[in-house]
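Quick notes on the structure that follows.
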Amino acid sequence: MDRSNKPSAIGVGASLPQPTLSIKDNVVEASLPTGQSVTVHLYGATVTSWKTGGQEQLFVSEKSHLDGSKPIRGGIPVVFPVFGPPPQNHATSSLPQHGFARNSNWEFLGKSSSEAPGRDSDQTDLTVKLDFGLSHSMLTDEFRAAWPYEFGLVYSVTLTTNSLETALQVRNEGQQNFEFKVLMHTYLSIADISDIRVKGLESKTYVDKTLQGTSHTESSPALAITQETDRVYQQLDPAVPIVVASAKDDQPLFSITREALTDVVVWNPWIEKAKGMADFGPDEAYKNMICVEAGSVSAWQTLEAGEAWEGGQSIKSRL
Ligand SMILES: O=P(O)(O)OC[C@H]1O[C@@H](O)[C@H](O)[C@@H](O)[C@@H]1O
């Protein structure tokens, strides 16, 4: 993402407290000396917690399975190489909904720290980056048979004092081209769904999955969520933030910019769908989440043999 990292200056870096890292039971946690923290489960390389200002910023369902038996319901599951139910007669047809990345065991590749320019011009902020990898040989036999391409994924989760960045690099390490879709299925934690608006979508075309996939144009500059919502907004400028703002005072709660991810899904299951999901709870928790999912899902990306693709998001929180 757009950060001018620079190595620690000798003497300055040495005096700074360093980020801490813990790895236990397939869960990786890192924190900054300024108090922010991030937690990532190797299952799915799913970010399950991002704390800043002493508060959790991501929603995770209380009934979520954390034992690797099902994708984690909350945090930031990675959707790859297909979004939604796979189409018929496609290379992804035998995969489960949203692909295999969120239900595979990734490996932790390591941590790196750097200094980035701070909020004040004479300050530098420490950041910590955690890298995770998944490749063809690490998949279950079932997934390998269902999608027989030689690929490599590197997923980087970067914690800064005021943002969380997630970036995915996709490499085609085989001899044949493959097609993929990708999405960062981010469940943001909010106090009350009636008190937020989603901004930055006005005049954009979206496919409404609750209305048989019909196409519409967004008329609202500040979208209120008042019912089941499942929309794929398309052809957005990734540099223009999608902002989740307070309906009371219009203050931004989250601001999301993207790189190479031109679609954004806005999803809230609302009352009946929330009750219908066995791993979603409590029932009323649909009020405490909004998914704003940065992705490339409205068309397939073709990756030629030997080529690589990279995309990501940066989420800034008010705190
Ligand atoms: O239940 P899943 O597989 O995690 O999917 C949750 C939702 O994910 C969203 O990205 C889709 O647009 C929805 O259609 C879907 O219901």
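The values are calculated or read from the model by the stated rules, or taken from the named source; none is laboratory data. All values reported here derive from a predicted model rather than from experimental measurement. No Cβ is skipped: glycine too gets one built from the backbone with ideal geometry, and neighbour counts run over all protein chains shown. These accessible areas exclude ligands, DNA and RNA; they are computed on the full protein's heavy atoms, side chains included. Shrake-Rupley method; radii C 1.70, N 1.55, O 1.52, S 1.80 Å.
If you go through the range 190-210 one residue at a time, do you hit one that is of a type in the set (Ser, Thr, Tyr), out of contact with any Gly (no Cβ under 6 Å at 6 or more places or on another chain) and free of Cβ contacts under 8 Å to residues at least 12 places away in the same chain? Spell out the reasoning first.
Taking the range 190-210 as the starting set, the residues that turn out to be of a type in the set (Ser, Thr, Tyr) are 194, 203, 205-206, 210.
Applying the additional criterion that residues be out of contact with any Gly (no Cβ under 6 Å at 6 or more places or on another chain) yields 194, 203, 205-206, 210.
Filter once more, keeping what is free of Cβ contacts under 8 Å to residues at least 12 places away in the same chain: none.
Looking for residues that are of a type in the set (Ser, Thr, Tyr), out of contact with any Gly (no Cβ under 6 Å at 6 or more places or on another chain) and free of Cβ contacts under 8 Å to residues at least 12 places away in the same chain, one finds none in the range 190-210, hence no.
Counting only residues that are part of a loop (DSSP other than H, G, I, E, B) and either more than 18 Å from the chain's Cα centre (by Cα) or near the ligand (Cβ under 10 Å from one of its atoms) (or both), the range 66-107 holds 24 of them. Of the strands (runs of 3 or more DSSP E) that lie entirely inside the range 110-207, those containing 2 or more residues that are farther than 30 Å from Trp270 by Cβ and modelled with pLDDT of 95 or more span 124-135, 151-159, 163-172, 178-184. Scanning the range 15-36 for residues that are more than 22 Å from Asp67 (Cα to Cα) and not β-branched (Val, Ile, Thr) yields a total of 10. From the list Leu183, Leu211, the lone residue that is open to solvent by 10 Å² or more (accessible area, probe 1.4 Å) and out of contact with any Lys or Arg (no Cβ under 6 Å at 6 or more places or on another chain) is Leu211. Of the set (1) closer than 20 Å to Ala30 by Cβ; (2) open to solvent by less than 10 Å² (accessible area, probe 1.4 Å); (3) not hydrophobic (A, V, I, L, M, F, W, C), all apply to Gln169 but (2).
Note on the range 270-291: residues that are among the β-branched types (Val, Ile, Thr) and open to solvent by 50 Å² or more (accessible area, probe 1.4 Å) amount to 1. Within the range 38-61, the residues that satisfy the criterion of being within 16 Å of the ligand (Cβ to nearest atom) and in contact (Cβ under 8 Å) with a residue 40 or more places away in the chain are Tyr43, Gly44, Ala45, Thr46, Val47, Leu58, Phe59, Val60, Ser61.
Show me the strands (runs of 3 or more DSSP E) entirely contained within the range 214-319 in which 1 or more residues are closer than 22 Å to Pro71 by Cβ, hydroxyl-bearing (Ser, Thr, Tyr) and in contact (Cβ under 8 Å) with a residue 60 or more places away in the chain. Steps first, answer last, please.
Details: elements: 214-217, 229-233, 242-246, 252-259, 263-268, 289-303, 308-317.
In the range 214-319, 289-303 are the strands (runs of 3 or more DSSP E) which contain 1 or more residues that are closer than 22 Å to Pro71 by Cβ, hydroxyl-bearing (Ser, Thr, Tyr) and in contact (Cβ under 8 Å) with a residue 60 or more places away in the chain.
Please specify each residue of the range 269-284 satisfying the condition of being touching a strand residue (DSSP E or B) at 6+ places or on another chain (Cβ under 9 Å) and more than 10 Å from the ligand (Cβ to nearest atom). The answer is Trp270, Ala274. The condition (being open to solvent by 40 Å² or more (accessible area, probe 1.4 Å) and within 16 Å of the chain's Cα centre (by Cα)) is satisfied by just one residue among Ala294, Ala260, Ala299, Ala308: Ala260.
Does the range 70-77 contain any residue that is open to solvent by 30 Å² or more (accessible area, probe 1.4 Å), under 20 Å from Asp141 (Cβ atoms) and touching a helix residue (DSSP H, G or I) at 6+ places or on another chain (Cβ under 9 Å)?
Residues of the range 70-77 that are open to solvent by 30 Å² or more (accessible area, probe 1.4 Å), as a first pass: 70, 73.
Narrowing the set further to residues that are under 20 Å from Asp141 (Cβ atoms) leaves 70.
Keeping just the survivors that are touching a helix residue (DSSP H, G or I) at 6+ places or on another chain (Cβ under 9 Å) gives 70.
Yes, the conditions are met somewhere in the range 70-77.
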